[in-house]
Amino acid sequence: MSNPVLAKPPGDCCLNCYPHEGTPKGEFITIAEVNTYITRPANAAQENRVILYFPDVWGIDIFINGQLLCDFYASQGFLVLAIDYFRGDPAQLHRKNRRDTTTEPGFDYEAWKAKHQAFAATAVPKWIDAVKAQFGTAETKYAAVGYCFGAPYVMDALSESTSTACVGAFGHPAFLNESHFVNCARPLFLSCAEVDHTFPAPSRHRAEEILTEQAKSPSKPNLKWHFQLFSGVEHGFALRGDMTNAYQRFTKEESASAIVRWFNMFM
């Protein structure tokens, strides 16, 4: 059966980034033998609301932007756990220098993506099970958020075949097929850029068509969806934009704030 690609693999522009400023508040622990960034809400009573965070190709272990974003979600009343499925080998380590997206000599970006996808395919389900065993109670609710490389793990968590998360969101996604949207059964927030090499306008429109049709199914009473689309920004805006640019800062912050409101609605 045909399963067309809607969000393509990460491209060279995913190696570009403006470092954000701040001091991360979380720490690293090991869950299911995988390094994990954990950051907590100020009120311990809110730790029964857990966000599973799936990073983009910049990972989480040395990527301050991702850590600060996790800290923001925690400050809004969530326990946040971010998986390092790159195992200390994020894409930025393979840039020739820190000023452009040129990769080091001999770096095979396609092989790098395939290697880490293969690991994540088996590691993510085990990690989620371990998170639930370690941090979950009968009252715990889970949300999933992912960026670029992390988008398919959000969609897996929202599929009919799992009970992983009750709500999810992604920003500027990669690695998505039509089946991800066909199988979606729970509330999904899509934070998107006008200019996106992985998820261009025709793909967005097709995803909307599929979600609209799926939401009519009596078997999916919990499926709701919302598109957030910003003009004038590119793939990566929600995580790697220039915070000295007022508009880029606004779109990044509005994306995160809207995701929080979406999670609060359904958690």
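Scanning the stretch 28-44 for residues that are outside any strand (DSSP E or B), surrounded by 13 or more Cβ atoms within 10 Å (Cβ to Cβ) and either of a type in the set (K, R) or at negative phi (or both) yields a total of 2.
Can you confirm whether F119 is within 19 Å of the chain's Cα centre (by Cα), at pLDDT 95 or above and surrounded by fewer than 16 Cβ atoms within 10 Å (Cβ to Cβ)? Taking the combined requirement at face value, the residue satisfies it.
Checked across the stretch 171-179, the condition of being on the phi < 0 side of the Ramachandran plot and among the aromatic types (F, W, Y) holds for no residue. Of the set (1) within 16 Å of the chain's Cα centre (by Cα); (2) surrounded by 16 or more Cβ atoms within 10 Å (Cβ to Cβ); (3) more than 16 Å from G66 (Cβ to Cβ); (4) not β-branched (V, I, T), all apply to S257 but (2).
Could you tell me whether T137 is among the hydroxyl-bearing types (S, T, Y), assigned to a loop (DSSP other than H, G, I, E, B) and either touching a strand residue (DSSP E or B) at 6+ places or on another chain (Cβ under 7 Å) or surrounded by 15 or more Cβ atoms within 10 Å (Cβ to Cβ) (or both)?
No, not satisfied.
I'd like the full set of residues that are closer than 23 Å to R249 by Cβ, out of contact with any Leu (no Cβ under 7 Å at 6 or more places or on another chain) and surrounded by 22 or more Cβ atoms within 10 Å (Cβ to Cβ), limited to the stretch 52-65. Selection gives P55, V57, W58, G59, I60, F63.
Here's the yes/no breakdown for (1) under 15 Å from the mean Cα position of the chain (by Cα); (2) charged (D, E, K, R); (3) outside any strand (DSSP E or B):
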{"site": "V50", "(1), (2), (3)": "yes, no, no"}
{"site": "V57", "(1), (2), (3)": "yes, no, yes"}
{"site": "I60", "(1), (2), (3)": "yes, no, yes"}
{"site": "C70", "(1), (2), (3)": "yes, no, yes"}
{"site": "Q92", "(1), (2), (3)": "no, no, yes"}
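The stretch 201-267 holds helices (runs of 4 or more DSSP H) entirely within its bounds, and those carrying 2 or more residues that are aromatic (F, W, Y), without any contact (Cβ under 8 Å) to a residue 40 or more places away in the chain and closer than 27 Å to V57 by Cβ map to 246-266.
Before we move on, is S217 among the hydroxyl-bearing types (S, T, Y), modelled with pLDDT of 95 or more and crowded, with 20+ Cβ neighbours inside 10 Å? Judged against the criteria, S217 is not a match.
The values are calculated or read from the model by the stated rules, or taken from the named source; none is laboratory data. Predicted, not measured: the structure shown is a model, and the values here were computed from it. Virtual Cβ from ideal backbone geometry, glycine too; neighbours counted across all protein chains shown.
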